[in-house]
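The values are calculated or read from the model by the stated rules, or taken from the named source; none is laboratory data. In this text, all values refer to a predicted model and were calculated from it rather than measured experimentally. Glycine also receives a Cβ, built like all others from the backbone with ideal geometry; neighbour counts cover every protein chain displayed. For the accessible areas, the whole protein counts, side chains as well, though only heavy atoms, and no ligand, DNA or RNA atoms are used. Shrake-Rupley method; radii C 1.70, N 1.55, O 1.52, S 1.80 Å.
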Amino acid sequence: MARKRGRRSSARSQWKVILSGGALLLVTLVVFWSVIWPYLVGAVVLGGLAAGAWWLLRKDRLVRAGDRHWRGQDAIQVGHRTLADVDRMSGTEFEDLVAALCRRDGCTDVRRVGGSGDNGADVTGRLPDGRAMIIQCKRYTTTSTIASREVRDLLGAKAHFGADLAVFVTTTRFSRPSETFALQNGILAIHRDHLGLWNNGATLQSLISVNGSGQGDQRHRARWKRTYGTPSRGPRTPRQ
């Protein structure tokens, strides 16, 4: 009993001290309010700014972590994707692939806009240096070639969208006239071989520096025919 009474008495004493301290603090605030309030307001404002800065920093870290995650996932997918896999894609899936490769390489505002009424652009976006780009994607069979008229259509789309760079991406080859037209008009022509490099980790900007190369000489074209058959200039396999 004596122990219980002692504990109760100690608890009451602690509460008296707390209440006394609170009352003293309240009286001090009332008496010296005109002197203290600027400091209190300053403390509240500083506390709010600190909390806001912490929240923004935390949000930035989460966004950056998410960005690193999906870029890592893209890199993993690229490492396991082959051109044979690309050949089995539908036209829409191929456009999605090209858009994903652009995002992987640091391009911004990347959107797939392909479909009816796309005005000649399947993918739009901006290069890492800020230049606007449009991309035409053609998932054709390897026995087809890209004709000059298709590249000319892309040049018109470039003017329509006011883009700085036009890119033509295909799973097959460009005819010599179409490749020459692309080079003369500053169009980046990504044929099958360069698509394979891009798919395996080469950046879009690195392909700009090798534009117009890679389709090889006569021996290369002979090997292409043995592998894929004779290129056709007739009707092409439509996008699925």
How would 16, 59 line up by accessible area, probe 1.4 Å, largest first? 16, 59
Accessible area of residue 93, 1.4 Å probe, to the nearest 10 Å²? 90 Å²
Return the distance in nm (one decimal) between the two label points of a simple spin-label model at residue 44 and residue 109, each offset 7 Å from Cα along Cα→Cβ. 4.3 nm
Could you give the length gained on full extension between residue 176 and residue 221, defined as 0.36 nm per residue of separation minus the Cα-Cα distance, in nm? 15.0 nm
By how many nm would the segment from residue 18 to residue 152 lengthen if fully extended, with 0.36 nm per residue of separation less the alpha-carbon distance? 39.8 nm
Just how much of residue 45 is accessible, in Å², when a 1.4 Å probe is used and the result is rounded to the nearest 10? 80 Å²
How much FRET efficiency would the formula 1/(1 + (r/R0)^6) give for residue 208 and residue 58, where r is the Cβ-Cβ distance and R0 is 45 Å, rounded to 0.05? 0.75
